[in-house]
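Enquirer: Structure in structure tokens, see below.
Only the coordinates and a few stated rules stand behind these numbers; no lab work does. Just so it is clear, the structure is predicted and the values come from calculations on it, not from any experiment. Using ideal geometry, Cβ is built from the backbone for each residue, glycine included, and neighbour counts are taken over all protein chains shown.
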Amino acid sequence: MINTTFDFKKPLESAQTLMGLQTSTLTKTVELQKKSAEELAAFFKGEADKAKELKTPEEFLKFNVESNKALYELLKTQGEAFSALAKESGEETMAEIKKLAS
């Protein structure tokens, strides 16, 4: 008969830690998505209000170019925010895994 004792505490603590990191990352992602949606809604509302004032084809063309540039910058900024969150979350997770492995 083999007597073995297995410590379940460390695997459970590891799972809890990793689930906590996952929950935190998901919460941050949802908050960032909400912020992005609000920014996009405000952008399009503002652009729609500006478009109501256009009178000539030249004004429309200028508005369209400027609006597209502004939208690109907004989307670029939002993409950078999501990339930063992904990088930060990955680094936190790897640090925690290294800590758990030691």
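Enquirer: Within a Cβ distance under 12 Å of Ser24, other residues only, what is the Lys/Arg minus Asp/Glu net charge?
Expert: Numbers: positive: Lys28; negative: Glu31, Glu88, Glu92, Glu96.
So the environment of Ser24 carries a net charge of -3.
Enquirer: So what's the angle, to the nearest 10 degrees on a 0 to 90 scale, between helix 9-51 and the longest Cα principal axis of the chain?
Expert: Once rounded, the angle reads 0 degrees.
Enquirer: Hey, in the GNM for the chain with a 10 angstrom Cα cutoff, which one of Phe43, Phe60, Phe82 fluctuates hardest?
Expert: Phe60
Enquirer: Enumerate the aspartates and glutamates that Lys34 could reach by cross-link, defined here as Cα to Cα under 17 Å, with residues fewer than 8 away along the same chain left out.
Expert: Glu80
Enquirer: Check each of the trypsin sites (Lys or Arg not before Pro) in segment 24-86 and keep only those in coil by DSSP with at most 15 other C-beta atoms within 10 angstrom; list them in order.
Expert: Here the sparse-neighbourhood loop sites are Lys52, Lys55.
Enquirer: Something else now. Which of the following values of Kirkwood radius over Cα pairs in Å was calculated from the structure shown: (i) 17.7; (ii) 13.6; (iii) 17.1?
Expert: Recomputing Kirkwood radius over Cα pairs in Å here gives the entry labelled (i).
Enquirer: Kindly flag which residue pairs out of Lys28/Lys69; Lys50/Lys76; Lys35/Lys76; Lys10/Lys87 have an alpha-carbon separation exceeding 19 Å in this structure.
Expert: The pairs that break the limit, which is 19 Å between Cα atoms, are Lys28/Lys69; Lys50/Lys76; Lys10/Lys87.
Enquirer: Please go through segment 7-91 and write out the GluC sites (Glu not before Pro) that DSSP classes as loop and that have at most 13 other C-beta atoms within 10 Å.
Expert: Glu53
Enquirer: I would also like to ask the following. So which residue, out of Leu40, Leu71, Leu61, gets the largest mean-square fluctuation from a GNM of the chain using Cα contacts under 10 Å as springs?
Expert: Ranking Leu40, Leu71, Leu61 by mean-square fluctuation puts Leu61 first.
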